[in-house]
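Enquirer: Mind having a look at this structure? Questions to follow.
Just so you know, all these numbers are worked out from the coordinates, no wet-lab data involved. Note that the structure is predicted; figures quoted are calculated from it, not measured. Positions of Cβ are backbone-derived with ideal geometry, glycine not excepted, and every protein chain shown enters the neighbour counts.
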Amino acid sequence: MTLLELDDLSVTYRIASGEVPAVRGVSLKLDSGAALGVAGESGSGKSTLAMALLRLLPRDARVGGRILLDGEDILTMKWGRMRAVRWAEASIVFQGAQHGLNPVRRIGDQIAEPLLVHNLAKPDQAGKRVAELLEQVGLPTWRARSYPHELSGGQRQRVMIAMALACKPRLIIADEPTTALDVMVQAQVLTLIKELIAEQNISLVMISHDLSVLADVCDQLAVMYAGRVVEHGPSREVFHEAKHPYTGALAAAFPTVGDPVSRLAPKGLGGDPPDPMDLPTGCSFHPRCPVALEECASLDVELWPAGDSRTAACVHVRAKEEAS
Ligand code: ADP
Ligand code: MG
C-alpha cells in the first residue's frame with residue numbers, strides 16, 4: 001500500500017534577485033513500511049523536498065504539485081489538520097541535532113512536548129513514556145534530566161530520534177541524520193534507525209549526500225540533481241550498477257559506509273553543482289558529465305525506464321531503451 005506519493009512536486013523560492021527553482025517536478029512513491037533514500041550533492045534540493053513534506057518551508061517558497069499522505073493532500077490541508085499530522089503521523093529528524101533541541105530545556109521535557117501537545121499522555125504519565133523512548137534509542141533513562149549540552153552529538157541525535165518516535169508516527173523523514181557525526185557514531189545511529197523502523201513498521205524517507213549510507217538503510221533510492229530526480233530504483237542496484245553517470249560518480253565518491261575521507265566532492269567529477277538560478281541548457285548535468293554527447297546541451301531527457309523497476313534521465317539510457 002502506498003503511504004506517501006509525490007506527484008510532480010515543485011518548490012520555487014522567491015528572493016530579491018529572482019526565483020530559485022529548488023525542486024523541479026519530482027514524482028515518487030513510498031510504500032507503507034518501506035524506506036526511500038534521497039541522494040544528491042549539497043544544493044540539489046533534498047532539504048527543500050523534506051521540508052515541503054510537512055509544509056515547513058518559509059513563506060517565500062511557492063509549492064506546486066501534490067503530496068499525498070495516505071491519500072490526503074498535505075498541500076491543501078487545513079492548518080488544524082496539518083498540526084495534527086505533524087509528529088503524530090509524520091515526523092522529521094534534522095541534520096545536526098543542535099538545531100532541533102532547545103539548549104535551556106531538559107531532554108525529558110522536550111521529548112514529552114509532542115506527547116502533551118497531541119494529548120497522547122497526561123502530564124503525570126509522560127515521564128514513563130519518555131523513559132521508554134530513551135530506552136528505545138539506547139540512552140539511560142536518567143538522561144531525561146540532562147540538558148542538550150551535556151550530551152555528545154550522537155546522543156543528541158538519539159534524542160531527536162526519540163522525539164520523532166514519541167507519537168508513533170507512520171512516517172519519519174530523516175534529513176542527513178548522521179552527517180554531523182563521526183564514523184563510529186554514525187554507524188551506531190544508522191543501525192538504530194534501521195532497527196527501529198523495522199520493529200515498529202515505520203516508513204522512512206532518508207536524505208543523504210552519501211549513497212552508501214542510503215544503500216545500507218533503504219529499499220529504494222532516488223538520486224537528485226539540480227532539483228530533479230535523475231535516477232530511481234531498488235537501492236542496491238542503483239548503488240552498485242548506476243545507470244545515470246551522476247549516480248555513478250556519487251557511488252564512486254562514497255565507497256564504504258560513512259568513509260570520512262570520501263565525504264566531500266564526488267571523485268572524478270569536476271566542477272560544482274549548478275546554481276538553480278542559472279541552470280545549464282539541456283541536461284543540467286551535461287557540463288560535468290564524462291559521457292555527455294553534443295545533443296545533451298540542448299536535450300533535456302526525462303526519466304526513462306532502465307530495466308526492472310528502474311528509471312534514469314540520460315540520453316544513453318534512452319538510446320538503449322529505444323534500441324531494445
Ligand atoms: P540540499 O538539501 O540538497 O543541500 P537545499 O534544499 O537546501 O539542498 O537547497 C536547494 C537550493 O535551494 C539551493 O540552491 C539553495 O541555495 C536554495 N535554497 C534553500 N533554501 C532557500 C531559501 N530559504 N531561500 C532561497 N533559496 C533557498
Ligand atoms: Mg540539505
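Enquirer: Can you work out ³J(HN,Hα) from phi for every residue in the range 61-67, in order, using Karplus 6.51 cos²θ - 1.76 cosθ + 1.60 and θ = phi - 60°, giving whole Hz and x for Gly and Pro?
Expert: Per-residue couplings from phi come out as 9, 9, 10, x, x, 9, 10 Hz.
Enquirer: Just to confirm a number: summing +1 for Lys and Arg and -1 for Asp and Glu over residues other than residue 224 whose beta-carbon lies under 14 angstrom from that of residue 224, what do you get?
Expert: Net charge around residue 224: -2.
Enquirer: From the helices alone, meaning DSSP H stretches of at least four residues, give me the mean residue ellipticity at 222 nm for the chain, per-run term -39500 (n - 2.57), in deg cm²/dmol to the nearest 500.
Expert: Values: 10 runs with 102 residues, N = 324.
Mean residue ellipticity at 222 nm (helix-derived): -9500 deg cm²/dmol.
Enquirer: Please get the size of the charge dipole for the chain, origin at its Cα centre, with Cβ charges of +1 on Lys and Arg and -1 on Asp and Glu, quoted in debye to the nearest 20.
Expert: Numbers: 33 positive and 39 negative charges, 254 e Å.
Its charge dipole is roughly 1220 debye.
Enquirer: Evaluate Rg over Rh across the range 39-161, taking Cα atoms for both radii and Kirkwood's formula for Rh.
Expert: Ratio value, two decimals: 1.01.
Enquirer: Quote to one decimal, in nm, the extra length available between residue 236 and residue 42 on full extension: 0.36 nm per residue of separation minus the C-alpha distance between them.
Expert: Separation in residues times 0.36 nm, less the Cα-Cα distance, equals 67.6 nm.
Enquirer: So what are the ³J(HN,Hα) numbers for the range 27-33, from phi and the Karplus equation (6.51, -1.76, 1.60; θ = phi - 60°), rounded to whole Hz, Gly and Pro as x?
Expert: Computed from phi, the couplings for the range 27-33 are 10, 8, 10, 10, 6, 4, x Hz.
Enquirer: Now for a separate question. Taking amide H atoms as placed 1.01 Å from N in the peptide plane, list the residues 5 or more away in sequence, or in a different chain, whose amide H sits under 5 Å from that of residue 24.
Expert: Residues meeting the amide H criterion: 11, 228.
Enquirer: Also: Can you tell me the dipole magnitude for the range 1-117 around its Cα centre, using point charges on the Cβ only (Lys, Arg +1; Asp, Glu -1), in Debye to the nearest 20?
Expert: Here the range 1-117 has a charge dipole of around 400 debye.
Enquirer: In whole angstrom, and with the biggest value first, how far do the Cα coordinates of the chain range along each principal axis?
Expert: Its Cα atoms span 68, 43, 41 Å along the three principal axes.
Enquirer: Which residue fluctuates most in the GNM of the chain (Cα springs below 10 Å): 243, 128, 194?
Expert: 128
Enquirer: Using amide H atoms built in the peptide plane, which far-off residues or other-chain residues are under 5 Å from residue 35 H to H?
Expert: Counting only residues 5 or more places away or on other chains, the set is 204, 219, 220.
Enquirer: Mind putting a number on the dipole of the range 85-152 about its Cα centre? Charges go on the C-beta only, +1 for Lys and Arg and -1 for Asp and Glu, and I need it in Debye to the nearest 20.
Expert: 100 debye
Enquirer: Lysines near residue 128 by alpha-carbon distance under 16 Å, same-chain residues fewer than 8 away left out - which ones?
Expert: Straight-distance partners of residue 128: 168.
Enquirer: Per the Debye formula with a single identical scatterer at each Cα and no solvent contribution, what log10 I(q)/I(0) holds for the range 47-86 at q = 0.15, 0.17 Å⁻¹?
Expert: Relative scattering, expressed as log10 I(q)/I(0), comes to -0.32, -0.41.
Enquirer: Greater than 29 Å separation of Cα atoms is the criterion. Which listed pairs, 78/194; 29/320; 46/122, meet it?
Expert: Result: 78/194; 46/122 exceed 29 Å.
Enquirer: Please report the relative contact order for the chain, taking Cα pairs under 8 Å with a sequence separation of at least 6, and give it as a percent rounded to a whole number.
Expert: The normalised contact order for the chain reaches 19 percent.
Enquirer: Further question on the same structure: Which whole-Hz couplings ³J(HN,Hα) result when phi for each residue of the range 108-125 is put into the Karplus expression 6.51 cos²θ - 1.76 cosθ + 1.60, θ = phi - 60°, listed in order with x for Gly and Pro?
Expert: Along the range 108-125, the couplings run x, 5, 6, 5, 6, 4, x, 5, 6, 4, 8, 6, 9, 8, 7, x, 7, 9 Hz.
Enquirer: Can I ask one more? May I ask you to work out the translational diffusion coefficient for the range 136-285 at 25 °C, viscosity 0.890 mPa s, via Stokes-Einstein with Rh from the Kirkwood sum over Cα pairs, reported in whole µm²/s? Show your work: numbers first, answer last.
Expert: Working: Rh = 16.9 Å.
So the translational diffusion coefficient is about 145 µm²/s.
Enquirer: Could you work out the mean projected area of the convex hull around the alpha carbons of the range 137-218, in square nanometres to one decimal?
Expert: Details: hull surface 21.5 nm².
Average projection, Cα convex hull of the range 137-218: 5.4 nm².
Enquirer: Positive end of the charge dipole of the range 50-105 (Lys, Arg +1 and Asp, Glu -1 on Cβ, about the Cα centre): tell me which of 79, 68, 91 has its Cα farthest that way.
Expert: 79
Enquirer: Using a/c under 1.5 as the rounded threshold, could you call the range 178-227 rounded, prolate or oblate? The axes a ≥ b ≥ c are square roots of the C-alpha gyration tensor eigenvalues, and prolate needs a/b larger than b/c, oblate otherwise.
Expert: Oblate shape, in that a/c is at least 1.5 and b/c is the bigger or equal ratio.
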